[in-house]
Amino acid sequence: MTIHQNLIAGEWVGSDAIENINPSNTGDVVGRYARASVEDTKTAIAAAKAAFPAWSRSGILERHAILRKTADEILARKDELGRLLSREEGKTLAEGIGETVRAGQIFDFFAGECLRLAGETLPSVRPNIGVEITREPVGVVGIITPWNFPIAIPAWKIAPALCYGNTVVFKPAELVPGCSWAIVDILVRAGLPKGVLNLVMGKGSVVGQTMLDSPDVNAVTFTGSTGTGKRVALASVEHNRKYQLEMGGKNPFVVLDDADLNVAVEAAVNSAFFSTGQRCTASSRVIVTEGIHDRFVAAVGERLKSVVVDDALKAGTHIGPVVDESQLKQDTDYIEIGQKEGAKLAFGGELLKRDTPGFYLAPALFTEATNDMRISREEIFGPVAAVIRVKDYEEALAVANDTPFGLSSGIATTSLKHATHFKRNAEAGMVMVNLPTAGVDFHVPFGGRKGSSHGSREQGKYANEFYTTVKTAYTLA
Ligand code: NDP
């Protein structure tokens, strides 16, 4: 089987490789992907540094054309790349294709942003002096991505980094290198000069850590666990570099007595279980007022009967497998913990056997949970959710906000008063009314508060805050 190599200083290199395994069928090897060493990573960083002066001054039309071509190819190959995504990560084919389209749209958006770079001119408070405010690229950007969005997250970090004139060293999650390799290959064929984008696949503790330890990496953007996020922060403070973190969530979804039951059930099931619950915006705390509680739980139980968990590539599958064995163990450990803590496992939670060997888990819903249980406080990152019964809206809001995290927060209600109050008072970066907590647009800011995020927002035009640095120039007329 051919080895998909790393891209370092414009050359495809690497012979040490690991197998990328399909979680729907562990006998299916998706491909072999190279593993970069410490030395490879240092070479990649040096190449990005060397390429920076020319790329940072490249014409906006050149950058526009490369990002535009990349968008076009990703969109033209959406079925093939979506299939690759589903095969390596375990999302359903519809989810895989949807995410691929989103990656294409992100490249298209930032192709446009290349042509909209702007600054400001102001008069000085002193006579005969003009002030110009411009944005310049920050330099070498280290990009470290997780396994749960194998194409969209790399796209939403690489596209703005290149658009604003930075060079990149990119380390995807070792579990899902396939889509990352594919977009780097597309960008190179679209005309990216040597060294501007370097792909270093391999272990986080080796490749990622080398990036964090390098004084030549000027900014790091990271999405993943809270633990690794803290490492990124500490290393970045040490080097006085810019850093941006998107980490966990324990997102609440509130259901009020006056909610439309169908809307509430669809949004809650989608939030908690679609994409196998492996979204940082997934809702794992469903906070339900007592007047609708029993009807809501019964309706979710009914809805779950029609949810098919199976091979991600099979037609008719709604939920694919868990991404790998260790994540499956984390999920089942929490299911055990929840029961020991006194919550009632109302539905699911059992391992499932399918035609192919994979990591199949029936979506698990706890009831009678309280907000101080570990299943309500810690990120599980699987198809496991807990219903917390509350008296009224005020208690629901208090419980929703009682968490160390603050990424996304949702409410199902027909009350304008409560919807408006919730939008204003939910302690989260993103708020959803009558919509799942997950599922966001690519052209508007994405990010959270409290323990979920650090730094400026990702996506849309707000991305320029991270990928550029402001310069203020004064000129005597
Ligand atoms: P990690 O935080 O370990 O992985 C995220 C990325 O960081 C990967 O590319 C990983 O590399 C890399 N990394 C790991 N160690 C280092 C290091 N020392 N220096 C630099 N980079 C490093 O998360 P996991 O994938 O292990 O997932 C564990 C848990 O994290 C999940 O169960 C979930 O709770 C949470 N998570 C949250 C996500 C979110 O979007 N909020 C996304 C993914 C996970 P490698 O390839 O070696 O893994």
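The values are calculated or read from the model by the stated rules, or taken from the named source; none is laboratory data. Values in this document were obtained by computation on a predicted structure and should not be read as measured data. Here Cβ is always computed from backbone atoms with ideal geometry, including for glycine, and neighbour counts include all displayed protein chains. Areas reflect the complete protein model, heavy atoms only, side chains present, ligands, DNA and RNA absent. Shrake-Rupley method; radii C 1.70, N 1.55, O 1.52, S 1.80 Å.
Results, tabulated for the structure shown:
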quantity: Residues of segment 200-230 satisfying the condition of being in contact with a helix residue (DSSP H, G or I) (Cβ under 7 Å, 6 or more places away or on another chain) and open to solvent by 20 Å² or more (accessible area, probe 1.4 Å); calculated: 204, 206, 213, 216, 228
quantity: Selection status of residue 98, in the same structural domain as residue 198 (by TED's automatic domain parsing), open to solvent by 10 Å² or more (accessible area, probe 1.4 Å) and closer than 12 Å to residue 151 by Cα; calculated: yes
quantity: Elements of type helices (runs of 4 or more DSSP H) in segment 164-254, at least 3 residues being more than 7 Å from the ligand (Cβ to nearest atom) and within 21 Å of residue 114 (Cα to Cα); calculated: 177-189
quantity: Segment 371-392 - residue that is in contact with a Lys or Arg (Cβ under 9 Å, 6 or more places away or on another chain) and surrounded by fewer than 21 Cβ atoms within 10 Å (Cβ to Cβ) and, of those, nearest to residue 254 (Cα to Cα); calculated: 371
quantity: Qualifying residue in segment 423-433 (condition: touching a residue at least 24 places away in the same chain (Cβ under 8 Å) and within 30 Å of residue 123 (Cβ to Cβ)); calculated: no
quantity: Candidates 414, 403, filtered to the one that is farther than 30 Å from residue 468 by Cα, open to solvent by 20 Å² or more (accessible area, probe 1.4 Å) and either among the small types (Gly, Ala, Ser) or in the same structural domain as residue 283 (by TED's automatic domain parsing) (or both); calculated: 414
quantity: Members of segment 310-360 found to be farther than 20 Å from residue 269 by Cβ, touching a residue at least 12 places away in the same chain (Cβ under 8 Å) and among the acidic types (Asp, Glu), listed by number; calculated: 311, 324, 325, 341, 355
quantity: Odd one out for residue 473 among (1) more than 16 Å from the ligand (Cβ to nearest atom); (2) within 29 Å of residue 94 (Cβ to Cβ); (3) in a strand (DSSP E or B); calculated: (2)
quantity: Some residue of segment 17-28 being within 26 Å of the chain's Cα centre (by Cα), among the charged types (D, E, K, R) and under 30 Å from residue 357 (Cα atoms); calculated: yes
quantity: Qualifying residue in segment 97-111 (condition: in contact with a strand residue (DSSP E or B) (Cβ under 6 Å, 6 or more places away or on another chain), of a type outside the set (Val, Ile, Thr) and within 16 Å of the ligand (Cβ to nearest atom)); calculated: no
quantity: Every pair of residues 6+ apart whose Cβ atoms lie under 7 Å, when the first sits in segment 273-295 and is among the acidic types (Asp, Glu) while the second is open to solvent by 20 Å² or more (accessible area, probe 1.4 Å); calculated: 290/389; 290/391
quantity: Residue match in segment 350-362 (condition: open to solvent by 10 Å² or more (accessible area, probe 1.4 Å), under 30 Å from residue 398 (Cβ atoms) and at pLDDT 95 or above); calculated: no
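Results for (1) surrounded by 23 or more Cβ atoms within 10 Å (Cβ to Cβ); (2) closer than 16 Å to residue 256 by Cα, shown as yes or no for each residue.
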| residue | (1), (2) |
| --- | --- |
| 268 | yes, yes |
| 277 | yes, no |
| 281 | yes, no |
| 284 | yes, no |
| 287 | yes, yes |
| 295 | no, yes |
| 298 | no, yes |
| 304 | no, no |
| 308 | no, no |
